[in-house]
Amino acid sequence: MRSGLLFFLSLVGLGSTGAGPGEPQGYRVVVHASNPVAQLSADEVARLFLKKVRTWPDGRMAAPVDQSMTSPVRASFAREVLQLTAGAQKDYWLKQTLSGREVPPRALEGDTAVLDFVAAQQGAIAYVSDDTPLPPSVRVLKVVAP
Amino acid sequence: MSAHRVLRAVLLAGLGAGLSAGPAAAQLTDKIKINGYASVEFEKQLEDEGKGDPNGSFDADGVDLVINVLPTERLRFATDLTWEHGAATEEGRGNVAVEYAFLEYFLADAFKLRAGKMFVPFGLYNEIHTAKPLFLSVKEPFSTDKVDKLGSPVRFFPRWGAGLAALGSGRLGGSDWDYVLQVSNGENLNGTENPFEKDDNTQKAVAARLRFQPEKRLSLGLSLYRDETTLLDPEGGDTGQRLLQLSWAAHGSWEGEHVGLEAMYVWGKLDPPGAERLERAGFEAMLWGKLGRWRPYARYEHHDPDKDRADDQASILLGGVNVRLDDGFYLKAELDRYDSDPRNGKLKGLDFTELKASLSFGF
């Protein structure tokens, strides 16, 4: 009964379209150490993660990696770089996938799994918590304002 | 656990049966992605007379599985398999279909190649018309996408084409653009061949769409469809004559923080040799608000099945609300008011109102 009432109130209360995954979390955008690109604008990074662009400037395939949808670091990255809430990200990828246009980037659980992937993939681009130590084969990509 | 996670887990468990759980699941989600959608609808005509459904019927509208297979980073196989209206083919009920099944090879951002059966890339709705969670209203606009329901003999363009397509996207002066150019067998209006297997003549159908985003929230586009259909003699033989079908559209959408709008105008002609050509037009404009989970919307549609006649036109004015109940899960309810001229081939001058509602879910 109470849960039904809360559900109704959330509807009439015009609640948000997606649950917030937690407190803001600092992040760093990372790439493979051999990647010749030193910096990108936030808009260029967003286009890679939204798969509006799938290649690096030299033509190599980019391999963007997301963290899980409930990750605080993903929420911060999405809000600041993609300028999307969690709900808006889900809507975006639902539309891309169901219309046959594109599928979302792979999503890995946690900084360690993400860094393992980036260390093994020269075209990878990802984000991790800003206090996570980076292995030698991974470096920070500078993200500048557009 | 949310509903879409449960469904995904069940599907993955079924496909992964017999394999070791950890590595198999990782392999499956990296290389094979399973998504889908479903919708259930209800329609009732409110008056006694009209061309709607006076009984008030539930419709198990559709269940679709969307599967993407990614063998390499450049190659993708995508398919949408649909079971419509509670398909029970043993009893001749409903419909089972391949909505699309194509191979896509990525050469560059500005150039990808597709081969297979695809939706015809025309306007705002055709590529998403079955995926009900992706748009606000219960149905796509009839005035532009289902004109046979408003008195036209055939639609402005077929739903699907089997053939090849080139598509891509890029930036020009800081603005996004994208294009699709599709060459296919086109439609077979005579029903003599399966157009996804065999063309009825040597002339290929061409569909093209170009879209431009002058700024992030605004999209403007042009679409074109052209085909020639074989005309048969009374015995079913090829007369050697062709019916030209040509349609083009201008369309746009804008989505602000609290309000959105879209509009589409389609013009088309059917040009039979030695007979009078038929020119027709369709228009739709939609306005919606964004109030948290709620999206109230209103749409006006108008269709003129023959521009040389003034007494055959039809219009629909609808208003409703789309409520996002959960991730990918939507409730829609609307009232559609139909108005038509006496010589409209489908609605016959009957004016009536329909209540439409649906639940749709995508994952």
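Each reported figure results from applying straightforward, stated rules to the coordinates on display, with no laboratory input. Note that the coordinates shown come from a computational prediction; the quantities given were computed from them, not determined experimentally. Cβ placement follows ideal geometry from the backbone for every residue including glycine, while neighbour counts extend to all protein chains displayed.
Shielding value for B:233-243 is 0, the average number of Cβ atoms from other chains within 10 Å of each residue's Cβ. Among residues other than A:GLN67 with Cβ under 9 Å from its Cβ, the summed charge is -2 (Lys and Arg +1, Asp and Glu -1). If you take the alpha carbon atoms of the protein assembly as shown and fit the smallest convex hull around them, that volume is 181 Å³ per residue. Mean partner shielding of peptide A:86-97, defined as the number of other chain Cβ atoms within 10 Å of each residue Cβ, is 4. With K and R counted +1 and D and E -1, the other residues having a Cβ less than 14 Å from that of B:ALA357 yield a net charge of -3.
Listed peptides B:260-273, B:152-165 appear in the order B:152-165, B:260-273 once ranked by packing, highest mean of other Cβ atoms within 10 Å at the front.
If you bin all the Cα-Cα distances of region B:211-363 at 5 Å, starting from zero, the percentages per bin are 2, 8, 12, 13, 15, 15, 13, 9, 6, 4, 2, 1, 0.
Of the cross-linked pairs B:LYS146/B:LYS204; A:LYS52/B:LYS146; A:LYS95/B:LYS44; B:LYS149/B:LYS216; A:LYS95/B:LYS356; A:LYS52/A:LYS90, those separated by over 26 Å at the C-alpha level are A:LYS52/B:LYS146; A:LYS95/B:LYS44; B:LYS149/B:LYS216. For the segment A:98-111, counting C-beta atoms of other chains within 10 Å of every residue's C-beta and taking the mean gives 5.
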